[in-house]
Amino acid sequence: MNASPIPFRDSAVITRRNLLKISTLSLCAIPLAEWRVLTPLFASEAPATPLSPLNRFPRMIQDYLVAEVRRCEAANRQAKAAIKTRADAEAYAASVRERIMRCFGPFPEKTPLNPRITGVVERDAYRIEKVIFESRPDLLVTGNLYVPKGRQFPLPGVVATCGHSDNGKASEAYQSFSQALARMGYVVLIFDPLGQGERLQYPDAQLRSRVGVGVREHLHAGNQQFLVGEFLGAWRAWDGIRALDYLLTRPEVDPRHLGITGNSGGGTLTTWLCGVESRWTMAAPSCFVTTFRRNLENELPADTEQCPPRALALILDHEDFLAAMAPKPVLILGKEKDFFDIRGTEEAHVRLKDLYEKLGAADHLAFFAGPTAHGYSQENREAMYRWFNRITGISDRQSEPELTLEKDETLRCAPKGQVAELKSRTVFSFTRETSLNFAKQRSELGYDALRQALEHSLKLPRPTQTPDYRILRNLPSRQYPLPRSTTYAVETEPGIFALVYRLSTEPLEARPPKGPPRAILYVSHQSSDAELREEILPRQLIEAEPASVFYACDARGIGESRPNTCGFNTFLDPYGSDYFYAIHCLMLDRPYLGQKTYDVLRVLDWLRTCGHSEIHLAGKGWGALPAAFAAVLSDTVVEVTLKNALNSYQSIAESEFYAWPLSTFLPGVLKQFDLPDCYRVLSAKKLRLIDP
C-alpha cells in the first residue's frame with residue numbers, strides 16, 4: 001500500500017524566492033492541528049513511567065576524535081623528523097607560515113587607524129596614555145600605552161595581550177607586567193580583547209553584557225562568524241597586528257626591538273601572532289602552548305578563537321605558530337599546575353628545540369614553568385622580563401619592581417568604560433553585513449550544482465563498502481509506538497556507529513527481514529529513544545503509512561552516542577561537549593554536521609541492502625538538517641518530512657541573538673547556498689515543512 005500524501009499548505013511551487021519571502025513563523029508550515037486531523041491521536045503521548053535514557057556508546061566521539069588527532073600529530077612529528085639540515089628547517093618554517101595563513105587569512109586591507117588619546121595618567125617613572133584606534137572601519141580598540149619617563153628614545157616596544165579577564169587591560173596581572181616593563185624602559189601597548197574590558201559586543205542599557213563577558217561573548221560572536229567564512233581568532237589577531245601598526249607610529253618606539261607577550265587567552269593571541277606577523281623580534285606566550293592532542297584527551301574545551309579552522313587537517317600544532325618566526329627569540333612559559341597540560345608544553349619545547357638547533361639558534365629558544373596554577377603570576381612575569389632584557393639589553397633587572405595598581409576607572413578610555421557609548425561597530429554588525437552581501441551575490445543553483453556545493457561544504461568522504469552492523473540485545477518495553485523494537489549499530493565509518501531502531505509488531509533478534517520496498521527513516525533531534533515516546537511525529541508517520549517499515553536513527557554525537565565528557569552533564573552548555581567536538585571537527589576540516597549527514601547517507605545505503613528502495617526520510621530539529629542534506633544527495637529518498645527545521649542560515653547570521661549550536665553550522669555555507677535552496681529542490685520529493 002502506498003502512503004497517502006499529507007496535504008501541504010500553499011505547496012504548488014517552492015522556489016528560493018518564495019521561501020525567503022515567507023515569514024519565519026509561517027514558512028511552508030503544517031500546524032500540529034492539521035496533523036491531528038489527518039491521523040487519530042494515540043492514547044498517550046508520554047510514558048506513564050519515566051525511563052532512564054539509553055546511552056550505550058557515550059565515549060564513541062571522544063575516542064574517534066582522539067584517534068584522528070593522534071594521526072595528525074604523528075604526521076606532524078614525522079614532518080619534523082625529516083628536518084636534517086638548515087635548509088630543511090628554513091623550508092619547514094616557510095611551510096608552516098603558508099599553512100597558518102590558510103587558517104587565518106586572507107586579512108583585510110589596512111585602513112586608517114584614526115587614533116586618539118582620550119586622557120593621560122602621569123606617574124613617577126612613566127605615563128599612561130588612554131588610546132583608542134580603529135582596527136577596522138568604526139571597530140574601536142581601547143588600549144593603554146605605557147611610556148617611560150626620563151629615558152632616551154627610541155626604546156623597545158611591546159604589544160601586550162590580555163587573557164580572559166572581565167576587565168581586560170585593567171586586570172591585576174596585566175597591569176603589573178605593563179607597569180614593570182615600562183619601569184625597565186619598554187614602551188608597552190596593552191589593549192582590550194573583543195568581548196572584554198571596554199569592548200563588550202552585546203551590552204545592555206546599563207553597559208553590561210547580555211550573554212556573558214569573555215568566553216560567552218567569544219562563542220556567541222565567533223560561532224556565528226563561521227557561517228560567513230570568518231574566524232574570531234583571525235579578528236583578534238588583526239587587532240594585534242593593528243596594535244603593532246599603532247605602536248610603530250610612535251617615535252618613542254625602536255622598530256629593531258618589538259616584543260609580544262600575553263597569558264591564557266593572551267597566550268593564545270601571542271602564539272597566533274607569532275605565526276601571522278613577521279615584524280616581531282621576540283615573543284613570550286604564557287599559559288597556553290601545549291598540544292591539540294593533550295587538550296582533546298584531557299577533555300578541555302577551548303573557546304572559538306583558540307581553535308583555528310583546518311589547523312589539524314593542515315598538520316599544525318601549537319608549536320608550529322612559534323616555528324613560523326624561527327629563529328627569532330621565543331620563550332615558552334607554562335605552569336606546573338595549569339589546566340593547559342604542562343606535558344604538552346614540554347613536548348612543544350622539545351619539538352621546537354631541534355628546529356632551532358638546525359637553524360644555528362639554539363640559544364634563541366627557552367622554556368620556563370612556574371610552580372603554581374594558571375595565570376601570569378610573578379615568577380612567569382619575571383622570566384619574561386629576564387628574556388626580553390637579555391635580548392634588548394635595555395635593563396639588567398632580574399626581578400619585578402615595586403608596582404602601584406590602578407583602579408579600572410583610572411584606565412578607562414571611554415567615558416563610562418564601553419566603546420558602545422562611542423558608537424563602535426560590533427563583530428555581529430560585520431557578520432550581518434557580510435551575510436547580506438552574500439545573499440545579493442548568490443545565484444539560484446540547479447540541482448546538480450547544489451549537490452556539488454553541498455558535498456563540498458559537508459566534506460563528505462567516499463564510501464568504500466556496504467556498512468557492517470551490530471545487532472544489540474533487545475530491551476524491555478521502551479513504550480514506543482509499536483510494541484517491538486530491535487536496535488542495530490550501523491558502522492558508518494571505522495569506530496563510528498549510527499544507532500538505528502526498527503519498530504515492528506513481532507519480536508526480532510536477528511538481521512532485518514528483506515523488504516518491503518518502502519520504509520520510513522526518522523532522524524532524531526537529540527534522542528530517538530526519547531522521541532519515539534514523547535514526539536508525536538513518529539507516531540503520525542507510522543499511522544499514515546502502515547505498510548511501510550519504520551526506522552529511527554541517532555546520528556553520531558546524540559542519543560545513544562551522546563558524549564558524557566567535558567564534565568558532568570555539559571552536553572547543552574555553550575562550552576560543553578557538543579560544542580567541544582564541533583569545534584574539533586572544524587579544525588579537522590570535517591564539519592560535525594557533514595559527519596552526521598554522512599551517517600544518514602550510510603544508513604540509507606544499509607536500508608537499501610535490507611530491501612528498502614524507497615525511503616520517506618523525516619527529521620526533527622537538529623536532525624532535520626542532516627535529513628535535508630541527505631535527501632538532496634540520495635536517490636533512494638522519495639519523500640521528505642522535516643519538523644522544526646531551521647529556516648535559513650542567513651537568518652542566524654543576521655540575528656544578533658540565536659540559539660542553534662555550532663554542531664548544526666556549515667563553515668562558509670552562505671558564500672554558496674542556503675537552506676531554502678535545499679528546500680526548493682526537495683519540493684520534487686514531496687517536501688513537507690512542519691512548524692519550521
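Values computed for the structure shown
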{"read-out": "Label point 7 Å beyond Cα of Val121 along Cβ direction - residues of the stretch 164-186 with amide nitrogen under 11 Å", "value": "169-172, 175-176, 179"}
{"read-out": "Using a Förster distance of 22 Å, the FRET efficiency for Thr609-Glu493 (Cβ separation, nearest 0.05)", "value": "0.85"}
{"read-out": "Phe550 long-range amide H proximity, modeled H, under 5 Å", "value": "Leu503, Ile520"}
{"read-out": "The stretch 387-535: mean projected area of Cα convex hull, nm²", "value": "22.8"}
{"read-out": "Cut-off 20 Å (backbone N to label point 7 Å along Cα→Cβ of Asp635), residues of the stretch 449-491", "value": "449-456, 460-467"}
{"read-out": "Computed helical MRE - 222 nm, the chain, DSSP H runs ≥ 4 contributing -39500 (n - 2.57), nearest 500", "value": "-11000 deg cm²/dmol"}
{"read-out": "At least 30 Å along the helix axis (C-alpha) and Kyte average at least 0.0, DSSP helices within the chain", "value": "none"}
{"read-out": "Length added when fully stretched, Thr466-Gln206, from 0.36 nm per residue minus Cα-Cα", "value": "87.7 nm"}
{"read-out": "Qualifying lysines (Cα of each under 26 Å from Cα of Lys328; at least 8 residues distant if same chain)", "value": "Lys80, Lys84, Lys110, Lys353, Lys358"}
{"read-out": "HN-Hα J in Hz across the stretch 657-671 - Karplus 6.51, -1.76, 1.60, θ = phi - 60°, x for Gly and Pro", "value": "10, 8, 10, 6, x, 4, 5, 9, 9, 10, x, x, 4, 6, 6"}
{"read-out": "Extension reserve of the Arg56-Ala684 stretch, reckoned as 0.36 nm per residue once the Cα distance is removed", "value": "222.3 nm"}
{"read-out": "Nonlocal amide H pairs with Phe497, under 5 Å, H built at 1.01 Å", "value": "Thr492"}
{"read-out": "Proxy reagent accessibility, fewest Cβ within 10 Å first, across Phe629, Phe571", "value": "Phe571, Phe629"}
{"read-out": "In nm, spacing of pseudo-spin labels at Glu433 and Thr404 (7 Å Cα→C-beta vector)", "value": "4.2"}
{"read-out": "18 Å Cα cut-off, lysine pairs counted over the stretch 569-692 (separation 8 or more, or different chains)", "value": "7"}
{"read-out": "Neighbour-count order for Ser683, Ser424, Ser524, fewest beta carbons within 10 angstrom listed first", "value": "Ser683, Ser424, Ser524"}
{"read-out": "DSSP beta bridges in the stretch 80-433 [antiparallel fraction, %, rounded to 5]", "value": "45"}
{"read-out": "Fraction of beta bridges assigned by DSSP in the stretch 445-690 that are antiparallel (%, nearest 5)", "value": "45"}
{"read-out": "Set of the stretch 120-134 residues, backbone N closer than 20 Å to the point 7 Å along the Cα-Cβ line of Thr249", "value": "120-121, 127-134"}
{"read-out": "The chain: antiparallel DSSP beta bridges as a percent of all, rounded to 5", "value": "45"}
{"read-out": "Electrostatic dipole magnitude of the chain [Cβ: Lys, Arg +1; Asp, Glu -1; Cα centre; debye, to 20]", "value": "880"}
{"read-out": "In order through the stretch 146-152: 3J(HN,Hα) via Karplus (6.51 cos²θ - 1.76 cosθ + 1.60), integer Hz, x for Gly, Pro", "value": "8, 10, x, 9, x, 10, 8"}
{"read-out": "Amide hydrogen neighbours beyond the local backbone of Leu365, cut-off 5 Å, H modeled", "value": "Val330"}
{"read-out": "For the stretch 644-654, Karplus couplings with θ = phi - 60° (6.51, -1.76, 1.60), whole Hz, Gly/Pro x", "value": "6, 6, 5, 5, 6, 6, 4, 5, 6, 4, 10"}
{"read-out": "Asp138/Asp166 FRET efficiency (R0 22 Å; Cβ-Cβ; nearest 0.05)", "value": "0.35"}
{"read-out": "Neighbour-count order for Asp573, Asp124, fewest beta carbons within 10 angstrom listed first", "value": "Asp124, Asp573"}
{"read-out": "Calculated FRET efficiency for the pair Ala82/Glu297, C-beta based, R₀ 25 Å, to 0.05", "value": "0.45"}
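Every read-out reported here was derived from the displayed coordinates using simple, explicitly stated rules and does not represent laboratory data. Quick caveat, the model's predicted, so the values are computed rather than measured. Note that we place each Cβ from the backbone using ideal geometry, even for glycine, and neighbour counts take in every protein chain shown.
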